[in-house]
1. For the chain, rounded, prolate or oblate, judged on the Cα gyration tensor with a ≥ b ≥ c (square roots of eigenvalues), a/c < 1.5 rounded, else prolate if a/b > b/c?
2. At 7 Å along Cα-to-Cβ for each site, give me the label-to-label distance between residue 121 and residue 274 in nm.
3. Hey, can you rank 164-175, 310-321 by average C-beta count inside 10 Å, highest first?
4. Given points 7 Å out from each Cα along the Cα-Cβ axis, report the residue 133 to residue 111 separation in nanometres with one decimal.
5. Rounded to the nearest 10 degrees, what's the angle between the helix 103-114 long axis and the longest principal axis of the chain, both from Cα atoms, 0 to 90?
6. FRET efficiency for residue 9 and residue 372, Cβ-Cβ distance as r, R0 = 45 Å, nearest 0.05?
7. How much length would be gained if the chain were fully extended between residue 31 and residue 251, taking 0.36 nm per residue of separation minus their Cα-Cα distance, in nm to one decimal?
8. Give me the percent relative contact order of the stretch 2-246, please, defined on Cα pairs under 8 angstrom at least 6 residues apart.
């Protein structure tokens, strides 16, 4: 029957009513670090939580189901998920990554490449000339973020699959910004899908976690094996909290998206704003691709102020309902100044190459009343005009 149910229903009912001992509707949290053997040389299904845990497995099953993958490996953080995906690499292998990737990803890739663990090349994945040039190289991993962070560029996943084939590379897609509610990269040929479950999947800003979803069973086994070897596995309690978050994921995403669309419209009307970056706007360069490969435009947006850093500081300090913080995807709205926060690791030259100005502000639209968020943003902007 589960195959006949809509994804929204499956998310709500994942692992519910499965407790055979007490009939608990919500699955119990199994916090034990170790499990007894049935007897000498008779291991049970679980022996040690770093290797496997019932609560973590319940979350992994739910995420893999929503993404349409063969399996998911739940990790201790989003960066642990990225680290795990990089275990497919050997010294000398080439990684092709976006020039405007998340600052934490940029920092990790550049530092590991500097140690000779792999070779690294950054390209503008929206530039066809750069894509053609990259397609002439032999690579092991093609890393994609779409929409990108923080400029919300849309990358054509079908085109990235073609590039990966030309390079002989695995295609890894960070789907944190949209979640499987609004985008399923495996449907467009991705081999790995990466999540910071800290963000939309959990949705309540009280968990650090990650996940790697694999297209094939063999690749999933490889990911699970490396997570065990390196100790990257997520904790049972954190897994329980993310599983709780999944149950409201669809309704949260819809409200966040509605709020983001209203905020984008308000920003467009402000004379203090130079540019608005939101794929839901028809004039956005990636709007047509987003409509083709997404089921919505998401709750993230950014905008560039005419007054540069001074104006950005003034706006974030005047906002009341948008907490200044580095995360995203929670029920509460957040503001972020990428140049001094999430993308500080890129340095001035890296940010310039990525198109991230000092006047850029990123917003994560929460699930508050739309009118309240719009009014708060308008009030903050009014000080600039």
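1. Oblate shape, in that a/c is at least 1.5 and b/c is the bigger or equal ratio.
2. Once both label points are built, they end up 3.1 nm from each other.
3. Result, highest mean Cβ count within 10 Å first: 164-175, 310-321.
4. 2.9 nm
5. Helix 103-114 and the main axis of the chain meet at about 70 degrees.
6. Step by step, r from the Cβ atoms, then E = 0.90.
7. That works out to 76.3 nm of additional length.
8. Here the relative contact order equals 25 percent.
Just so you know, all these numbers are worked out from the coordinates, no wet-lab data involved. Computed from a prediction, not measured in an experiment: that's the story for all the values here. Glycine also receives a Cβ, built like all others from the backbone with ideal geometry; neighbour counts cover every protein chain displayed.
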